[in-house]
Amino acid sequence: ERGGGCSEFGVRYDSTRSTMHGDQGKVGQFLYLEGHEYYMYNTYDVHFYASFALVQNWPELQLSLQRDFAAAVATEDPTRRKLLGDGNWRPRKVVGAVPHDLGSPSEEPWTKVNVYNFQDVSRWKDLGPKFVLQVLRDVRTTGSLEFAADMYPTILHVMDTVAQYDTDGDGLIENQGFPDQTYDIWSVSGPSAYTGGLWLAALSATIHLSKDLLERGLLEGKMDPNEARAACERYEPMYESGKEAYERLLWNGKYFNYDSSGHGHHDSIMADQMAGQWYARACGLPPIVKPKFAYASLQTVYDLNVLTFADCKKGAVNGMRPNGQVDNSSMQSREVWTGTTYAVAAAMLQEWGAAVEDTNTGTARESVVSDDAKESLWLAAFETARGIWHSGWGDFGYWYATPEGWENSGNYRSLGYMRPLSVWAMQFAIDKGQLIDRRKTTLQSASPDRV
C-alpha cells in the first residue's frame, strides 16, 4: 500500500508520522513480529541478535528501525499497568528508556510502544546498551555518518538513564534482583556477566563515537560539542573502573559467573556471558575483557553447555552448573535458545579471528593463546551451531519456523522466532574478519596438505 499504509511485510511507505528519518525517510518504516506466538513488533532485546540479518541484507531498513527507536526514547506513556510477573503497577513508558517493542497489531504501532507487560521493561539493564552498540555497529557497517550524528544525542540520553544503575560508583551497573534483561524469568542480582559486559561495551562505544564525531566536526548544528567532550570525561574513567570491577567481581579463573549475588546459582555458566565481548568485536572496539579470559569462558561454554548437553546435538543450553548438571533454577536457564547459540558461535569466530596472525599487516593480534586453543575455538564455533541444525532440521522438524528455544525433551517455545536470525552474525564475523582467507593461511602454515 501507499499513502501511509503498511505492506504485508510491515514496511510503512510515505508516512507523515513524525520520525527521525531525515533524508533517509523515503526508505519507509519497518516492522516484524517477535514470533508466531509473541505479537510484538521489533522486540528490541531480541532484535539485538537478529539485526545482523537486516544490517547485512537491508541496511537502510535497519537504520530506519533504529531511528524509530531513537524517536521513542524521548516519549512517555504514564498509563499504569499491572505487571504479570510480580503484580506491581508501573507506567507503560518512561522518558529516557529504550522501549522493549514498538507496539503490536492490536494497537497502533510506533505510537503505543511497550505492549509487553510481563516485567517492568523501563528498568531493564540491557535495552539501553543494546541500542548504543547497534548504532555503532550500524555506523561501522554502513558508513552512514549522517546516521551517527543523528543518533548521538539519543545515545547520551540513553547512557545517562542507564548509568543511574551504577549504584556504588564502581563503573559497573547492577541488576536489581528480578529478571531485568532479555532472560525475563531468570532472575539476576548485582553485577552480572551478561548485562555488565553489555554495559562495558556500550561505554566503550560511546567514548569512541564521541571522539570520532568531534574529530569530524559532525556535531555542529545538532548539539553543543562540549556535551560530547563531557561525555568522554565522564565515561572514560567509568569504563576503566568498570572493567576492573567486572573482572574482580565475576571472573572465577575459568569463566565469568552468572552474577555476583552469592546466591545458590550465582556461579552458573551462562552460554551468553560473552555478549558484550561479542558486540565489542563486531563494532571494531577493543576487547572488554582480557582475550585469554574470553577464550577460557567460551571454551568452558563449549565444554559444558554444548558438549556435555545432549551429546552436542541440540545447541548450547543457557545455564549449566559447574558440575555438569543443567541449571534448573528457571525455565529459561534449562532451555537452549537457538539465537543465543548462533551468537555464541559468532563470538567464538571473532575471538579466533582476533587471535590469529593478521596476514594483511604481518603483525600478531593478541597472541595470548596456544595454536591448539585457536584451532579448537574455530571448530567449536561450527560444532556449537551445528546442534541447532541437527535438532531443528533433523530431529524436531522445525523447518522454516525455528523457535526461540527448546528443552532437551524437544519441547519448544515460540515458533518462527526473531532471535535465530543471529545466524547472520556468524556470516558477519566471517566476512568482516576475512576469516576464510585467514583460516586458509593458518592451515597452510600448519600443513599445506590440509587446505
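Some points to look at:
- Residues in the range 124-140 that are of a type outside the set (A, V, I, L, M, F, W, C) and out of contact with any Phe, Trp or Tyr (no Cβ under 8 Å at 6 or more places or on another chain): 128, 140.
- Subset of the range 286-314 [assigned to a loop (DSSP other than H, G, I, E, B) and either open to solvent by less than 10 Å² (accessible area, probe 1.4 Å) or in contact with a helix residue (DSSP H, G or I) (Cβ under 9 Å, 6 or more places away or on another chain) (or both)]: 286, 287, 288, 289, 290, 309, 313, 314
- Any hit, the range 4-23, residues being at pLDDT 90 or above and either touching a Gly at 6+ places or on another chain (Cβ under 9 Å) or hydroxyl-bearing (Ser, Thr, Tyr) (or both): no
- Hits in the range 130-174 (condition: closer than 22 Å to residue 76 by Cα and touching a Ser or Thr at 6+ places or on another chain (Cβ under 7 Å)): 132, 155, 159
- Scope the range 337-382; condition surrounded by fewer than 16 Cβ atoms within 10 Å (Cβ to Cβ) and either closer than 26 Å to residue 50 by Cα or at pLDDT 95 or above (or both); matching residues: 379, 382
- Checking residue 179 against (1) part of a helix (DSSP H, G or I); (2) more than 24 Å from residue 241 (Cα to Cα), the condition it does not meet: (1)
- Residue ID - surrounded by the most Cβ atoms within 10 Å (Cβ to Cβ), chosen from residues in the range 61-77 that are without any contact (Cβ under 8 Å) to a residue 60 or more places away in the chain and part of a helix (DSSP H, G or I): 65
- Pairs with Cβ under 6 Å, 6+ apart, first in the range 32-52 and in contact (Cβ under 8 Å) with a residue 60 or more places away in the chain and in a loop (DSSP other than H, G, I, E, B), second among the hydroxyl-bearing types (Ser, Thr, Tyr) and open to solvent by 10 Å² or more (accessible area, probe 1.4 Å): 35/417; 40/116
- Candidates 260, 268, filtered to the one that is of a type in the set (S, T, N, Q) and in contact with a Lys or Arg (Cβ under 7 Å, 6 or more places away or on another chain): 268
- Condition met for residue 124 (of a type in the set (Phe, Trp, Tyr), modelled with pLDDT of 95 or more and either in contact with a Pro (Cβ under 7 Å, 6 or more places away or on another chain) or open to solvent by less than 40 Å² (accessible area, probe 1.4 Å) (or both)): yes
- Scanning the range 39-57 for residues that are touching a Phe, Trp or Tyr at 6+ places or on another chain (Cβ under 8 Å) and open to solvent by 30 Å² or more (accessible area, probe 1.4 Å) yields 41, 56, 57.
- Test: residue in the range 150-164 that is over 26 Å from residue 404 (Cα atoms) and not in a helix (DSSP H, G or I): yes
- For the range 307-324, filtering for residues that are over 12 Å from residue 408 (Cβ atoms) and of a type in the set (D, E, K, R) leaves 1.
- Of the residues making up the range 398-409, those that are open to solvent by less than 40 Å² (accessible area, probe 1.4 Å) and farther than 22 Å from residue 46 by Cα number 0.
The values are calculated or read from the model by the stated rules, or taken from the named source; none is laboratory data. Note that the structure is a prediction, hence the values are computed from the model and not measured. All Cβ positions, glycine included, derive from the backbone under ideal geometry; neighbour counts span all protein chains shown. Only protein heavy atoms, including side chains, enter the accessible area calculation; ligands, DNA and RNA are left aside. Shrake-Rupley method; radii C 1.70, N 1.55, O 1.52, S 1.80 Å.
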